[in-house]
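Please read the structure below before turning to the comments.
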């Protein structure tokens with residue numbers, strides 16, 4: 001908004017305004033820009049303190065229509081209006097607002113701030129546990145990582161108290177009796193908007209009611225709030241889209257998240273690139289890329305990320321006696337199929353698929369990449385099978401490509417890796433579990449039971465194979481990445497590089513709402529908060545960003561420790577032969593896994609998948625129709641890419657083998 005000095009109206013200007021059916025109890029309370037011209041203010045009532053900019057441009061509307069900037073058919077009370085704003089057809093009034101340059105406010109019932117407002121900052125979202133105890137005070141600088149710490153680390157009472165105090169201080173700092181409509185924002189055909197701060201370039205259209213909230217926005221990533229939306233006690237971040245009758249209360253909605261098609265959300269937080277359509281969410285922590293598309297789907301009292309809910313997915317926490325205290329954790333990459341059901345408490349391991357109905361409170365956190373299905377009321381698990389599916393590969397590749405955030409500052413810190421120290425540590429635990437189960441019961445029973453999970457004997461054997469392949473592939477990936485930049489002169493130098501890797505990152509890893517990080521890093525962060533070494537929200541955010549920036553280094557430290565253990569257990573051979581063995585294991589595992597994925601892709605082109613094609617013809621027509629619509633296996637772009645990977649694996653193997661053989 002132009003900060004140039006405002007001056008009183010001249011008598012001539014007052015006369016012209018009155019001739020244009022404008023009224024004011026005391027024109028001395030209206031101050032205007034030096035080059036203000038009154039021609040474009042008509043049928044308007046002013047009260048309280050008013051500041052007006054200049055109106056000397058045409059404003060462009062949908063359909064190629066242009067209208068002169070100005071104020072028409074409105075009632076303004078205690079408002080400061082910037083340059084070239086268009087305000088028209090205000091049914092009630094606009095009160096206590098700064099409206100910055102180039103805004104459009106057209107056909108609106110009410111826009112007002114009453115009393116002192118925090119604009120949604122400080123509202124507590126009761127997440128994860130409906131009975132309370134994990135409340136997050138939302139504010140317009142909330143990140144996925146800070147929210148996770150506040151919700152999950154409740155046992156760190158001093159940390160929690162200090163974070164709450166910092167947020168309370170920030171909330172106090174934004175208290176105001178005056179709201180703001182940021183430069184270039186557009187509010188058209190809106191109902192009631194009370195105590196709402198709206199950021200630059202936001203597009204607000206056809207909303208029913210907005211109350212006590214902040215809509216962050218920026219020209220690089222405008223936020224949209226659209227048709228028939230009702231929202232109360234909320235924060236909406238840049239690039240978000242809320243529309244089509246969605247209802248929101250007590251929620252934080254993160255960058256580039258979408259809530260559309262009558263979605264209903266309460267007491268929940270949604271972080272970057274989530275997509276919620278048709279269904280319902282209550283008391284959830286939706287980490288990045290949580291998605292649901294179906295009317296019959298309910299997400300409740302749980303924590304999710306990189307999650308995809310099938311139609312009719314449901315969870316319940318109704319097996320309680322003293323309140324709805326039960327909760328669920330669906331780790332990153334989990335999917336639920338149509339009509340799946342999980343009775344809480346439960347925890348589902350990373351990149352798993354849940355099918356059927358599960359009442360025995362499954363905990364598969366150390367059996368990742370699995371299928372959990374229902375057979376005769378039993379929870380049957382097929383460990384590791386999701387490692388070899390096309391869907392897992394496609395998910396890992398599509399998430400970075402689907403990052404819609406265009407804001408200059410991306411608030412949520414996201415590591416997209418499917419195989420990482422976080423998931424591979426779980427694979428190692430899962431492998432140990434399967435190996436311990438196999439020899440004791442494999443020959444006596446076809447159905448091995450552990451912690452209410454049923455394992456088929458053949459699935460145990462396959463799970464061991466899949467997990468072993470994944471470990472060898474991941475560790476080989478890390479070594480090859482290091483070798484490509486290494487200037488070592490000998491094989492012993494490389495082994496020394498592995499042995500001397502930094503200890504930071506070699507222990508347990510965590511997934512902090514999308515940020516993969518060593519546990520010791522988070523512990524150091526919590527200690528710093530507790531000991532007043534980090535006294536501002538900004539400093540906490542910066543330290544989390546430091547962890548994010550150093551992910552590659554931590555990843556290498558973790559993998560180097562595992563590689564060192566493997567090398568120590570190899571037979572007494574030369575240093576060169578030990579390295580060649582790891583490369584060979586990587587090559588065989590990578591190619592085997594890639595071929596398994598190709599085989600899974602081929603299933604999409606079998607005769608059974610052609611059912612429903614060529615409906616008016618014979619088998620030949622069916623095949624031709626299928627090919628015309630879906631293409632061929634060999635011609636499929638994804639299949640081609642996977643096929644090319646085998647060539648890349650062979651080429652990389654040859655390059656690394658030659659490099660190692662060339663060392664002293």
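Every read-out reported here was derived from the displayed coordinates using simple, explicitly stated rules and does not represent laboratory data. Nothing here was measured: the structure is a model prediction, and the numbers come from that model. Note that each Cβ is placed from the backbone with ideal geometry, even for glycine, and that neighbours are counted across all protein chains shown.
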Taking 631-639, 262-270 and ranking on average Cβ neighbours within 10 Å, highest first, one gets 262-270, 631-639
Could you bin all the Cα-Cα distances of the stretch 303-416 into 5 Å bins starting at 0 and give me the percent of pairs in each, rounded to whole numbers?
2, 11, 20, 23, 16, 12, 8, 5, 2, 0, 0
Taking the chain and counting helices only, DSSP H stretches of n ≥ 4 at -39,500 (n - 2.57) each over all residues, the nearest-500 ellipticity at 222 nm comes to -11000 deg cm²/dmol
Contact order normalised by residue count of the chain, Cα under 8 Å, 6+ apart, percent:
7
Note the angle between two axes, namely the Cα long axis of helix 457-485 and the longest principal axis of the Cα atoms of the chain, as a number of degrees from 0 to 90, rounded to the nearest 10.
70
For each of 524, 458, count neighbouring Cβ atoms within 10 Å of the residue's Cβ, then give the residues from fewest to most.
458, 524
Would you please put 114-122, 197-205 in order of how densely packed they are, using the mean number of other Cβ atoms within 10 angstrom per residue and starting with the highest?
197-205, 114-122
Mean separation of Cα contacts under 8 Å, 6 or more apart, over the residue count of the stretch 223-294: relative contact order %
23
Sort all Cα-Cα distances of the stretch 1-88 into consecutive 10 angstrom bins from zero, then give the percent of pairs in each bin up to the one containing the longest distance.
18, 55, 23, 4
What angle, in degrees between 0 and 90 and rounded to the nearest 10, separates the Cα long axis of helix 537-549 from the longest principal axis of the Cα atoms of the chain?
30
Dividing the surface of the Cα convex hull of the stretch 486-569 by four yields a projected area in nm² of 6.7
Can you tell me the 0 to 90 degree angle between the C-alpha axis of helix 157-173 and the longest principal axis of the chain, rounded to 10?
30
Neighbour-count order for 193, 498, fewest beta carbons within 10 angstrom listed first:
498, 193
In what order do 6, 555 fall by count of nearby beta-carbon atoms within 10 Å, going from fewest to most?
6, 555
Listed highest first by mean packing, meaning other Cβ atoms within 10 Å per residue, what order do 143-149, 607-613 come in?
143-149, 607-613
Average projected area [Cα convex hull, the stretch 579-661], square nanometres
5.9
Against the 2.2 N^0.38 Å scaling, with N counting residues, where does the chain land? I'd like the Cα-based Rg ratio to two decimal places.
1.15
Please compute the Cα-Cα pair-distance distribution of the stretch 417-539 with 10 Å bins starting at 0, giving whole percents from short to long.
11, 27, 27, 22, 12, 2, 0
